[in-house]
Amino acid sequence: MTYEKQKCWSILLRLYHWSFALSIVFLVATGIYINFPWSNTLQLGTGSFPVAWVRYVHFVAGYVFTAAVLARIFLYIFGNAQERITDCLPISGRNIRNLIKTLLQYSYISDEHDERLGHNVLAGCTYIITIIAAVFQLVSGFFMLFPEAHIWQSWGVTLFGNQQEARFIHHLLMWWFLIFAVIHIYLVIWNDVNGPEGLVSSIFTGDKFKHKKA
Amino acid sequence: MADTVNKTLIPRLDRRGFLKGCTMAAAALGLSETMVPKLVEAATTAQRPPVVWLHFQECTGCTESLLRASHPDLGRLLLDIISLDYHETVMAAAGHQAEQNLKDTIEKYNGKFLLVVEGAVPTKDNGIYCKIAGRTAMDILADVAPKAAAVIAIGTCATFGGVQAAAPNPTGAVGVQTLVKGPVVNISGCPPNPISLLGTILHYLTFKRLPALDSLGRPLFAYGRRNHDHCERRPHFDEGRFVEQFGDEAHRQAYCLYKVGCKGPETFASCPSVRFNDVGVWPVSVGHGCIGCTEPNFWDTMTPFYERLPNVKIPGSGIVADADSVGKKVLGITAAAVGIHAAVGIGKRLIKGKDEK
Ligand code: HEM
Ligand code: HEM
Ligand code: SF4
Ligand code: SF4
């Protein structure tokens, strides 16, 4: 059986993926520290600013994260055929069939692998949920970061009520990203093993492998 | 000699106390000292605005803290610059006479008087949980508020419902702004600093308009900044020096109270700069974290007071746990599920053998 290489992900999508993933690694690590700054300095005059410094890293990573999310929203509308939001949602017969086939394959009921170039629809929906969570994460983050700015204040108050609730939701959403990452990394490897595309390399190179149609 | 036994029933405010009060208000408003004479002038020459002060579901703590401040000048100054025509705690009239006063004031000064509301308004079952002279609080508010020149809600109960609005809110208590059309100045706090009310009223007298408000209706001069962002212990926060436990060495060293649940990072107030009781203190300066009393829903969201974040309540199960122990469990279950999924996949391959394509 022969394979052909097909262009799938644009460079912007790949850049977005890795800035998103890497910024989240930093955000989770620094976020946990902000919640519980375990390194107690206990001494005056040491000239170290651990909390201020960790918060700074959190905010820099937060801006990278925000840029990544904005890039993804742009691609949902203006990206290539695989990147558009319409390719990710179960809104066409082709997509609904793909969702069912994926569920059957993931639960080991059937061995059939639905060939398509973009995400499978189950993955696509999970990614959309993650981007929505990311929007809430960055709005609550900026609400805490710029508490006096009118625009963040009115959004923050409308969505969360007060700073404490925003912080609470910000913290709970962190767990979504952690859980997502575990399942996500497992499933892309699983697909790499079980499917022909070479899925993992596609997020580096942008290309997927497809059965060549005769 | 201080008037320790309060021989005179209505002690007169001397000029020094008067100037001092105006200066404190000017400082709180962020005005330069050159503005103090303007405030003094407005406070002495402007016609004293009639004020109606309504008490609903509350503990009268706001009035108490206002009138019984250790330094009585503030309360007296306030009584000097306004004409308090109806105030259930301090008025001399009682019964029908009191009700008549209220009626007369709102008719005579229709559109001109200031309305100050203290306490939340219960709305459940047509508001029967708070009645004064046979009328519900909802009725009285609906009658008086539209006739007022401005409405000021004082205290967290009147602004956001306070403790009686905490879950499950048995009487359906709400803050004044939920029921009143038009702007309400929210002087929140449990109790609020008297200077915030004084500043608002002096601003109104001097500039003939209400001070600038934040998106929750609180005057920016008093609620424009988070306690955490102007706290004297902030350097300890940035440098990572924390109290781990009340009474420990770090607590004696006056380090930051973040890890014992200080809500300064989530609370807008003027406490660290204006302070209380004319002895220059606020909770953090005496070793207790802020509990976030000026914020909406503070009883529901700022508790537990000695933890960083609220607990997660799993509906229907009665389980209450902190966010991280729930998160760790869910993550553990996820990891286990991933492991099982992988094992099933491998098992299936072993059974079926490698059916090569
Ligand atoms: C996946 C993304 C993110 C994660 C996992 C995350 C995680 C966290 C965590 C766990 C905290 C500590 C809250 C607590 O428990 O007290 C926190 C605080 C905070 N985060 Fe994030 N965060 C993320 C994105 C962002 C973004 C995009 C911004 C905006 C720039 C941001 C700004 C903040 C701010 C301002 C704080 C409060 C810091 C403080 O008050 O000292 N975060 N974050
Ligand atoms: C070693 C780590 C990772 C690898 C190898 C990896 C690989 C991949 C691959 C191959 C895809 C495309 C999957 C498909 O076509 O359905 C993808 C998409 C995605 N990954 Fe990752 N990933 C990693 C880490 C992460 C992390 C840590 C996050 C965030 C928590 C993340 C978030 C995403 C998202 C949101 C998408 C969807 C892209 C889109 O919006 O179209 N990834 N990843
Ligand atoms: S004591 Fe409270 S308000 Fe002050 S720096 Fe620490 S956390 Fe912030
Ligand atoms: S320190 Fe916090 S809890 Fe105390 S009065 Fe000020 S805002 Fe309220």
So which of A:Q153, A:Q105, A:Q163 is within 14 Å of chain B (Cβ to nearest Cβ) and within 16 Å of ligand 4 (Cβ to nearest atom)? A:Q163
Only helices (runs of 4 or more DSSP H) wholly contained in the stretch A:1-120 count here; list those with 3 or more residues that are touching a residue at least 60 places away in the same chain (Cβ under 8 Å) and not acidic (D, E). A:11-35, A:50-78
Matching helices (runs of 4 or more DSSP H) fully within the stretch B:172-225 where at least 3 residues are of a type in the set (A, V, I, L, M, F, W, C): B:194-207, B:220-223
Counting only residues that are within 13 Å of ligand 3 (Cβ to nearest atom) and closer than 21 Å to B:I195 by Cβ, the stretch B:271-287 contains a total of 8
Could you please let me know if A:S140 is in contact with a helix residue (DSSP H, G or I) (Cβ under 9 Å, 6 or more places away or on another chain) and among the hydroxyl-bearing types (S, T, Y)? yes
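To keep it simple, each residue is scored yes or no on (1) outside any helix (DSSP H, G or I); (2) surrounded by fewer than 19 Cβ atoms within 10 Å (Cβ to Cβ); (3) at pLDDT below 80; (4) not hydrophobic (A, V, I, L, M, F, W, C).
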| position | (1), (2), (3), (4) |
| --- | --- |
| B:K7 | yes, yes, yes, yes |
| B:A27 | no, yes, no, no |
| B:T44 | no, yes, yes, yes |
| B:V51 | yes, no, no, no |
| B:L74 | no, no, yes, no |
| B:H96 | no, yes, no, yes |
| B:E107 | no, yes, no, yes |
A:P147 being more than 30 Å from A:V193 (Cβ to Cβ), touching a helix residue (DSSP H, G or I) at 6+ places or on another chain (Cβ under 7 Å), away from ligand 2 (no atom under 13 Å from the Cβ) and modelled with pLDDT under 95: yes
Scan of the stretch B:260-275 for residues that are of a type outside the set (S, T, N, Q), within 9 Å of ligand 4 (Cβ to nearest atom) and within 14 Å of the chain's Cα centre (by Cα), ordered by number: B:K263, B:G264, B:F268, B:A269, B:C271
Among A:S140, A:S154, the single one that is under 25 Å from A:V25 (Cα atoms) and hydroxyl-bearing (S, T, Y) is A:S140
Single match in B:I314, B:I346, B:I333 (criterion: among the β-branched types (V, I, T), within 27 Å of B:C293 (Cα to Cα) and not assigned by TED's automatic domain parsing to the domain that holds B:G261): B:I314
Within the stretch A:1-20, considering residues that are surrounded by 15 or more Cβ atoms within 10 Å (Cβ to Cβ) and within 16 Å of ligand 1 (Cβ to nearest atom), the one nearest to A:F74 (Cα to Cα): A:Y16
Considering residues that are surrounded by fewer than 19 Cβ atoms within 10 Å (Cβ to Cβ) and among the aliphatic types (A, V, I, L, M), the number found within the stretch B:171-187 is 1
Of all residues in the stretch B:223-265, how many are out of contact with any Pro (no Cβ under 8 Å at 6 or more places or on another chain), under 30 Å from B:S32 (Cβ atoms) and away from chain A (no Cβ under 11 Å)? 1
(1) assigned to a loop (DSSP other than H, G, I, E, B); (2) within 9 Å of ligand 3 (Cβ to nearest atom): which one isn't true of B:K259, the others all being true? (1)
Would you mention how many residues in the stretch A:108-142 are over 22 Å from B:I346 (Cβ atoms), of a type in the set (V, I, T) and within 14 Å of another protein chain (Cβ to nearest Cβ)? 1
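Results for (1) within 18 Å of the chain's Cα centre (by Cα); (2) away from ligand 2 (no atom under 16 Å from the Cβ); (3) not assigned by TED's automatic domain parsing to the domain that holds B:A269, shown as yes or no for each residue.
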site	(1), (2), (3)
B:C190	yes, yes, yes
B:L197	yes, yes, yes
B:H203	no, yes, yes
B:L213	yes, yes, yes
B:G217	yes, yes, yes
B:R233	no, yes, no
B:F237	no, yes, no
B:R241	no, yes, no
Return the total of residues in the stretch B:300-320 being in a strand (DSSP E or B) and surrounded by 14 or more Cβ atoms within 10 Å (Cβ to Cβ). 2
Count - residues of the stretch B:247-259 that are touching a Leu at 6+ places or on another chain (Cβ under 9 Å) and either aromatic (F, W, Y) or within 16 Å of ligand 4 (Cβ to nearest atom) (or both): 1
I'd like the full set of residues that are of a type in the set (S, T, N, Q) and either within 14 Å of chain B (Cβ to nearest Cβ) or more than 13 Å from ligand 2 (Cβ to nearest atom) (or both), limited to the stretch A:49-85. A:T66
Just to check your reading of the model, which residue among A:L173, A:L178, A:L145 is within 7 Å of chain B (Cβ to nearest Cβ), surrounded by fewer than 20 Cβ atoms within 10 Å (Cβ to Cβ) and near ligand 1 (Cβ under 9 Å from one of its atoms)? A:L178
So is A:F36 surrounded by 14 or more Cβ atoms within 10 Å (Cβ to Cβ) and within 14 Å of another protein chain (Cβ to nearest Cβ) or not? no
Go through (1) away from ligand 4 (no atom under 13 Å from the Cβ); (2) away from chain A (no Cβ under 11 Å); (3) in contact (Cβ under 8 Å) with a residue 40 or more places away in the chain one by one and return the number of the condition B:S317 breaks. (3)
Taking the conditions exactly as written (more than 18 Å from the chain's Cα centre (by Cα), surrounded by fewer than 21 Cβ atoms within 10 Å (Cβ to Cβ), closer than 30 Å to B:P304 by Cβ and not assigned by TED's automatic domain parsing to the domain that holds B:V274), does B:P146 satisfy them or not? no
Which of the numbered conditions does A:A133 fail, given that it passes all the others? Conditions: (1) touching a strand residue (DSSP E or B) at 6+ places or on another chain (Cβ under 7 Å); (2) without any contact (Cβ under 8 Å) to a residue 60 or more places away in the chain. (1)
Given the condition within 11 Å of another protein chain (Cβ to nearest Cβ), over 20 Å from A:F160 (Cα atoms) and of a type outside the set (S, T, Y), answer yes or no: does some residue in the stretch B:266-289 qualify? no
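The values are calculated or read from the model by the stated rules, or taken from the named source; none is laboratory data. Computed from a prediction, not measured in an experiment: that's the story for all the values here. Using ideal geometry, Cβ is built from the backbone for each residue, glycine included, and neighbour counts are taken over all protein chains shown.
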